[in-house]
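Read through the structure below, which is laid out as structure tokens, and then see the notes.
The values are calculated or read from the model by the stated rules, or taken from the named source; none is laboratory data. Keep in mind the model is a prediction, meaning the values are calculated, not measured. FYI the Cβ positions are ideal-geometry reconstructions off the backbone, even for glycines, and counts take in every protein chain you see.
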């Protein structure tokens, strides 16, 4: 039935920023969008697929729009994976990781990616003219393995903050989110952010160093049993890696009445996608800025003294994106909605990707005053076919609108995960959705 009050997508129409000409072997991902002071939009996305993964490094693009996202012009070919574009000190930067590590040999002589994705050192490129031209790529680390997605940035006291995830261990034979440590990075906005000495890195533990698996009871986490360092085969083509976290966002609690509020302004909270086998959870830790300038990552505690590590978050099982709107004093959440996560793994249709918690067809918007109680604002975009994904999106505030860049797919995509198009969406007058 077509009820007059049925939910209708806010921005199902899109502008196609990129499309693969070989969708079964060439994918797009790591979509980031940034609004510049002059009104231009900067977008960044990468190329993926078997041919690209086995090359040295990664291949990605940056492009610019001078008409609000209606048309796009490529301005940079870069080598950064999991990259995000952000503003700082009158410049725009794209920061990601070089994806040079992870190709290993199989016994038969063929090659594969060990952890499902390549990792590498953090690197950055800079533009001093709002994204029209770009400088040389500069490394911020050397000989390390880093991971992320195009997550958010936070600005405070003249500094910019963002999270990259360091692979602390190298024990996993599968997707290694169990080994990642979300590291908060801080730099003064006006410094040269292509210089390693401009950045301070927080001390941070890996997931496996924070969680005692024997004590995670009463709420079904982990949902599936797995070996310590390898994945469990749950059904043909359905595998589950040990639980972990990834794709971390950073926020500051600004409400003095909030239980997490720090009156000294020296605490930020990291909210990460929770890989549990279930939906609707995220992980949270706090980072404290110490008097000597260092930063330390640790647990959030409830008033009872219990560790408050898992929190409710719609779409927390997939990559999400959080921005703070100072005008409404609300946090806005862009995430993926699940509808059928309790189906038995062995009864999943063949055209569904991954595990039951891995649906990717609905991109939805929520708002919250406290990062816990999320109010549904609307469906941004949705598709019906299991391959037609709208997911892994980033967003920024453009005046009265939200601009969104989505890793998307149509019926020609290799899978819901490996999309073949990059789509731009605009949610107009987003503050009018508050109720």
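Per-structure values
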read-out	value
Pair list, Cβ under 9 Å, 6 or more apart: the range 409-435 residue in contact (Cβ under 8 Å) with a residue 60 or more places away in the chain, other residue part of a helix (DSSP H, G or I)	427/433
Options 300, 345; residue that is in contact with a strand residue (DSSP E or B) (Cβ under 6 Å, 6 or more places away or on another chain), over 21 Å from residue 163 (Cα atoms) and surrounded by fewer than 20 Cβ atoms within 10 Å (Cβ to Cβ)	345
Those residues of the range 140-168 which are outside any strand (DSSP E or B) and within 17 Å of residue 334 (Cβ to Cβ), in sequence order	148, 149, 150, 151, 152, 153
From 222, 182, residue being in contact (Cβ under 8 Å) with a residue 40 or more places away in the chain, within 24 Å of residue 320 (Cα to Cα) and part of a loop (DSSP other than H, G, I, E, B)	222
Set 308, 269: member being under 28 Å from residue 220 (Cβ atoms), surrounded by 14 or more Cβ atoms within 10 Å (Cβ to Cβ) and within 20 Å of the chain's Cα centre (by Cα)	269
Residue in the range 84-104 that is buried (at least 22 other Cβ atoms within 10 Å of the Cβ) and closer than 23 Å to residue 413 by Cα present	no
Hits in the range 40-57 (condition: over 13 Å from residue 422 (Cβ atoms) and modelled with pLDDT under 95)	49, 50, 51, 52, 53, 54, 55, 56, 57
Checking residue 327 against (1) touching a helix residue (DSSP H, G or I) at 6+ places or on another chain (Cβ under 7 Å); (2) within 15 Å of residue 281 (Cα to Cα), the condition it does not meet	(2)
Candidates 208, 186 - the one that is buried (at least 20 other Cβ atoms within 10 Å of the Cβ) and out of contact with any strand residue (DSSP E or B) (no Cβ under 7 Å at 6 or more places or on another chain)	208
Residue selected from the range 251-265 under the condition over 19 Å from residue 312 (Cβ atoms) and in contact (Cβ under 8 Å) with a residue 60 or more places away in the chain, by the criterion surrounded by the most Cβ atoms within 10 Å (Cβ to Cβ)	252
Members of the range 364-382 that are surrounded by 18 or more Cβ atoms within 10 Å (Cβ to Cβ), in contact (Cβ under 8 Å) with a residue 60 or more places away in the chain and within 27 Å of residue 418 (Cβ to Cβ)	365, 379, 380, 381
Some residue of the range 339-347 being outside any strand (DSSP E or B), under 24 Å from residue 8 (Cβ atoms) and without any contact (Cβ under 8 Å) to a residue 60 or more places away in the chain	yes
Filter result for the condition that a residue is touching a helix residue (DSSP H, G or I) at 6+ places or on another chain (Cβ under 7 Å) and either within 16 Å of residue 316 (Cβ to Cβ) or assigned to a strand (DSSP E or B) (or both), over 246, 268	246
Qualifying residue in the range 287-296 (condition: under 21 Å from the mean Cα position of the chain (by Cα) and within 28 Å of residue 392 (Cα to Cα))	yes
Residue list for the range 225-243, filter: assigned to a strand (DSSP E or B) and out of contact with any strand residue (DSSP E or B) (no Cβ under 9 Å at 6 or more places or on another chain)	235, 238
Those residues of the range 108-122 which are touching a residue at least 24 places away in the same chain (Cβ under 8 Å), surrounded by fewer than 23 Cβ atoms within 10 Å (Cβ to Cβ), part of a strand (DSSP E or B) and out of contact with any helix residue (DSSP H, G or I) (no Cβ under 7 Å at 6 or more places or on another chain), in sequence order	111
Residue tally, condition over 28 Å from residue 399 (Cα atoms) and surrounded by 18 or more Cβ atoms within 10 Å (Cβ to Cβ), over the range 5-25	2
